[in-house]
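The structure under discussion appears below in the form of structure tokens.
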Amino acid sequence: MSAPLLGKDLIGLEHLTREQVTAILDTAEPFKEVSERPIKKVPALRGKTIVNLFFEASTRTRISFEFAEKRLSADTVNVASAGSSVQKGETLVDTARNLEAMRIDMVVIRHGSSGAAKFLGDRIRSNVINAGDGQHEHPTQALLDLLTLRDRFGRVEGLKVCIVGDVMHSRVARSNIWGLTRLGAEVAVCGPPTLVPREFTDLGVRTFRRIEEAIEWADALNVLRLQLERMQAGFIPSLREYNRVFGVTRERLARASKDLIVLHPGPMNRGVEIDSDVADGPHSVILPQVTNGVAIRMAVLYLLAGGSPDWAAGGSDEK
Amino acid sequence: MRIASEIVEHAGDSPLIIVGIQRRGVQLAGRIVPIVEQALERKVGRGMLGITLYRDDIQAAGQRPVVHETRLPPEIDGATVVIVDDVLYTGRTVRAALDEIADFGRPRRILLAVLVDRGGRELPIAANVVGMTVATAPGDRVEVRVSEIDGSDGVDLLREDG
């Protein structure tokens, strides 16, 4: 029997091949239709038990994973750090091992520390899916962004995609850069030097310091949420100032010589990084992104559930 | 095509929907539909079933089978649904197709039409319309070629050490 496509875990896109990324997107296509059925459920993961382990706040991602799991007929349990033994000081591994002792099959983890997902994946038998770890990666978000781009343009190769905003602190930005470059897109980043440090050019992306230049260059903008705590930390002078210089506004989009689409991973700060009439306007693919998120997560769950019995042989990263 | 005319005989008065099982059943259904429409002098619904997610061997470890698209017309309740596939063997694919159709609605009747019946059933399933019956051994492979996918039409019986 041939090897499973994805190995045991999905930690990030950095170590996936172009073929693996493309296979996930292709697998997501038929799953789109499942969510349009009168009975939105297929029995593919019947009998699998999945734990959603969320140590950080999340609405969209957690609900999206939960829908994906339920539509595949898996049984799911949600664990949030508040109100659990995590508050009593239990370590991540102890929490996971206790869950595993109850015979679970997969863990979806969101954690504030970069590397938490891999750390966990290397220590438990269950499949681990990274739903965002610190500033490291958020692979399913990038995959749904790629699927949305492919829906709109018919391809990802050759597209010019600019990631705008707080790139430095963003796991969405990192996963997007890996995924986009792997599929042959041109990638740029745009933002103030405090949030878009020069190191990103090492990843093979170009840097714009003016949003107008980015809009003129790009086929698609992926606008990141400006995390408000950054302002207190002194990365930007004020929200209004940020909006004036880097905000994606209708006026700026209207001046561009070609049509482009605007993505946003959510949650949005309307009037800060993106104006309401852009978020709700014809350029926006923000809601299609959310729809695609369920299909992508179904595809990842389905592919990983193939299992890899030789997990202990050489760790999880046999990609 | 004889299969098409036998489907016409089974058609009855309720709305008729012909669905092919991915992948070669879809091509066969595509050829059957216009013949049936001409004979019945009415429109026939069409659809396709990607039964992968309903397979009973999906929990087995290993490579995930490719998932194919499912498209069924909405008016499936009360209709006569004809499932079309290329080869009928264990019957497990048909079992999956029946379960998947049940998740979309409640047809008045479901019929099964296959190009080749090679025997070897593992479930109590029989076809209503059979193109040809072939006696085979468990190790044999029966492969149907359709020009849309394979470049030519035909049925091959592959027997090891034959």
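Global dimensions of the protein assembly as shown from alpha-carbon coordinates: Rg and Dmax equal 25.8, 80 Å. Computed FRET efficiency, Cβ-Cβ of A:E157 and B:D13, R0 45 Å: what is it to the nearest 0.05? The calculated FRET efficiency here is 0.30.
Farthest towards the positive end of the charge dipole of the protein assembly as shown, among the residues B:A102, A:W217, A:S284, is the Cα of A:S284, using unit charges on the Cβ of Lys, Arg, Asp and Glu.
If eta is 0.692 mPa s and T is 37 °C, what Stokes-Einstein diffusion coefficient results for the stretch A:3-75, Kirkwood Rh from Cα pairs, in µm²/s? The calculation lands on 233 µm²/s. Which stretch or stretches of the stretch A:147-179 have amide N atoms under 14 Å from the point lying 7 Å from A:Q135's Cα along the Cα→Cβ direction? A:166-175, by backbone N distance to the label point. Across the stretch A:89-166, Cα pairs under 8 Å and at least six residues apart give a relative contact order of 23 percent. May I ask what percent, to the nearest 5, of DSSP beta bridges between residues of the stretch B:2-158 are antiparallel? In the stretch B:2-158, approximately 20 percent of DSSP beta bridges are antiparallel ones.
For chain A, the number of Lys pairs separated by eight or more positions or lying on different chains, with C-alpha atoms closer than 17 Å, is 11. Net length available on complete extension from A:M231 to A:A256 is 6.1 nm, with 0.36 nm assigned per residue and the Cα-Cα distance removed. Annotation: the residues A:W178, A:W217, sorted from fewest to most other C-beta atoms within 10 Å of their own C-beta, follow the order A:W217, A:W178. Applying a DSSP loop filter and a limit of 11 other Cβ atoms within 10 Å to the GluC sites (Glu not before Pro) in the stretch A:6-73 leaves A:E36. Applying 1/(1 + (r/R0)^6) with R0 = 30 Å to the Cβ-Cβ distance of B:M1 and B:A137 gives a FRET efficiency near 0.55.
Taking the DSSP beta bridges with both ends in chain A, the antiparallel portion is around 5 percent. Residues of the stretch B:112-133 falling in the label zone of B:L157, defined by backbone nitrogen less than 15 Å from a point 7 Å along Cα to beta-carbon, are B:116-120, B:131-133. Note on chain A: with a GNM built from Cα contacts shorter than 10 Å, the maximum mean-square fluctuation among A:Q289, A:Q227, A:Q135 falls on A:Q227. Restriction of the GluC sites (Glu not before Pro) in the stretch B:8-90 to DSSP coil positions whose beta-carbon has at most 15 other beta-carbons within 10 angstrom yields B:E41, B:E69, B:E75.
Using Cβ contacts closer than 10 Å as the measure, can you line up B:R95, B:R42 from fewest to most?
B:R42, B:R95
With all projection directions averaged, the alpha carbon convex hull of the stretch B:2-158 covers 9.5 nm². Considering only alpha-carbon pairs that sit under 8 angstrom and 6 or more positions apart, the relative contact order computed for chain A is 23 percent.
Considering the options B:T90, A:S257, A:A185, tell which one lies farthest towards the positive end of the dipole of the protein assembly as shown, charges being +1 on Lys and Arg and -1 on Asp and Glu at the Cβ, about the Cα centre. Most positive-ward Cα: A:S257.
Computed from the Kirkwood radius of its Cα pairs, the Stokes-Einstein diffusion coefficient for the stretch A:209-278 at 37 °C and 0.692 mPa s stands at 263 µm²/s.
The relative contact order of the stretch A:41-130, computed from alpha carbon pairs under 8 Å that lie at least 6 residues apart in sequence, is 34 percent.
None of the figures in this text is laboratory data; all of them are computed from the coordinates on show. Predicted, not measured: the structure shown is a model, and the values here were computed from it. Ideal geometry is used to build each Cβ from the backbone, glycine not excepted, and the neighbour counts take in all protein chains shown.
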